[in-house]
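Structure first, then comments.
Every number here is computed from the coordinates shown, using simple stated rules; none is lab data. Remember, predicted model here, so these are calculated numbers, not experimental data. Cβ placement follows ideal geometry from the backbone for every residue including glycine, while neighbour counts extend to all protein chains displayed.
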Amino acid sequence: MESYAIELKNITKTFGKVVANKNVNLNVKKGEILALLGENGSGKTTLMNMISGIYFPDKGNIYIDGNEVVIKSPKDAFKYGIGMIHQHFKLVDIFSAAENIILGMNDNKKLKTRDVNNEVSEIANRYGFDIDPKKKIYDMSVSEKQTVEIIKVLYRGANILILDEPTAVLTPQEIEKLFKVLRAMRDDGKSIIIITHKLNEVMEISDRVTILRKGKYIDTVNTKETNEKELTDMMVGRKINLKISRVKTDFDRPLLEVRNLFVKADDGSDAIKNVSFYIRGGEMLGIAGISGCGQKELCEAIAGIRPIASGQITHKGESIIHLKPKEIIEKGISMSFIPEDRLGMGLAPSFSITDNMMLKNYGESNGIFVDRKKARARAEALIEKLDIVTPSTETPVRRLSGGNVQKVLVGREIESGPNVIVTAYPVRGLDINSSYVIYDILNEQKANGVGILFVGEDLDVMLALCDKILVLCHGEVMGVVHAAKTTKEKLGLMMTGSLNLLEEQSDRAWGMAKDSQLTEEEWIQLGKEDSEVNE
């Protein structure tokens, strides 16, 4: 009988009437990487939270190295050598890497900073991490912070590591480094579970794949004996088309133009520095960059919810600088903004789906009463179109899963009939099937002549979906490239500032739009040239 580092048998967990996991079986061998796949609401995170001590199962058994154990808290999980690296890091910014790593440890012995630094360096050297134990968290890149989180659990003796969406905000080069480290850990006998939605990475890094669907265990397969199509079919329960199409359109004159834009961050520093670009009707412009490089501030400035320091933003040639969102709408400008903070900024968490549908147009009602009947009908149509899992239209959105919350937000914004869409991470947290629904909706809008600003984190998707890609690094433009004529590796170099194409930008359309107003004939010619790129 094969021995497993960890084994789950018939694990069940319910929250009221909702069954998150039902009789789930899962096992991980020593020295292997297991990928955990499933749609939103399939129970992946709940299952991992029970292994890491955040939840306690209602039924079932957990075995470590063949021995049954009881895990009631994260402290118990650490006792059995289990560590979880969450997608959102839990670090103290003003502390150093070493200080964060030992934070919360209480084994009745005084730790010397020099000894801790040496031990951290030893772990880093053993697995190929690149880290300075003395460096402060606020000075670190996203990948460095992730390294601290991983070393933190290794320092505590973890032999079983759980990583939740570990590549979500990393560049291709950083992902390659991470995978090299994970393979070194696997070769050292560590057992690793990865939760991810990126099937190409599953195929590249995992040894086996376990699939969950609607809280139930479906199957575990050897990675080398399957493919992305089969995995998707098992996740969804039916055959779906995985192809992302770049819709071919005849580009119109610019709907949205940004020129020499400067925007301040919350701390007063420059978040956006001298950024210029344009988006035409029927065009999708991708914005690529490492998390925190200014995408959030750029989107908020365009939407009118963040003041600009200097520069111009025009919609069909009319300035929208210093206008509030309501004033932009009153000018007849139809723009939708899908922010990355969906509950904090995009929706009212305690409101129902129906009430959230009314937030954009409640002021148009005649008299003191709003028409909830029409709003409910719109909510019902949205639920059906996007397959939103909810008890009813009156359910508060805070009770929905993250993926379903995102569907409500995206659906509401697009339903308002915009001619410009500004969207930040529209598929973050969504499963494969739901993501493709959103891609199809965006393509449908593009085909109808809508201009789309698409901020994303998956470069493969951006290359397949967008017409052009503008790359930001520390708030500055590194260049604008045709998606059909560039590579993921080139984008990664630009995202880190290793490659700056702005000075040598050969894109004639970019240079002309940046420096001068074009004639109607020139715009038509540029539209033809860019259309040829998409063929």
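Which whole-number percent is the relative contact order of the chain (Cα, under 8 Å, 6+ apart)? Intermediate results must be reported in sequence, preceding the final value.
Values: 1034 pairs, mean separation 81.4, N = 535.
15 percent.
So what's segment 6-236 giving for Rg/Rh, alpha carbon basis, Kirkwood Rh from the mean inverse pair distance? Each step should come with its number before you reach the end.
Values: Rg = 17.7 Å, Rh = 18.3 Å.
For segment 6-236, the value is 0.97.
Over segment 6-236, what is the relative contact order in whole percent, taking alpha-carbon pairs under 8 Å and six or more residues apart? Each step should come with its number before you reach the end.
Values: 430 pairs, mean separation 69.0, N = 231.
For segment 6-236, the relative contact order is 30 percent.
How would Asp467, Asp460 line up from fewest to most surrounding beta-carbon atoms within 10 angstrom? Don't jump to the answer; show the numbers that get you there.
Numbers: Asp467 26, Asp460 15.
With the sparsest Cβ surroundings first, the list reads Asp460, Asp467.
Output the peptides 3-12, 87-96 sorted from most to least packed, where packing is the average of other Cβ atoms within 10 Å over each peptide's residues. Please list the in-between numbers first.
Values: 3-12: 18.5, 87-96: 13.3.
Averaged packing, sorted descending, gives the order 3-12, 87-96.
Rounded to the nearest 500, what is the chain's calculated 222 nm mean residue ellipticity when only DSSP H runs of at least 4 contribute -39500 (n - 2.57) each, over all residues? Provide the component values of the computation, followed by the final result.
Working: 18 runs with 184 residues, N = 535.
Only helices count here, giving -10000 deg cm²/dmol.
Taking 37 °C and 0.692 mPa s as the conditions, I'd like the Stokes-Einstein D for the chain in µm²/s, using the Kirkwood hydrodynamic radius from alpha carbon pairs. Spell out each step's value before the answer.
Working: Rh = 25.0 Å.
Estimated via Stokes-Einstein, D reaches 131 µm²/s.
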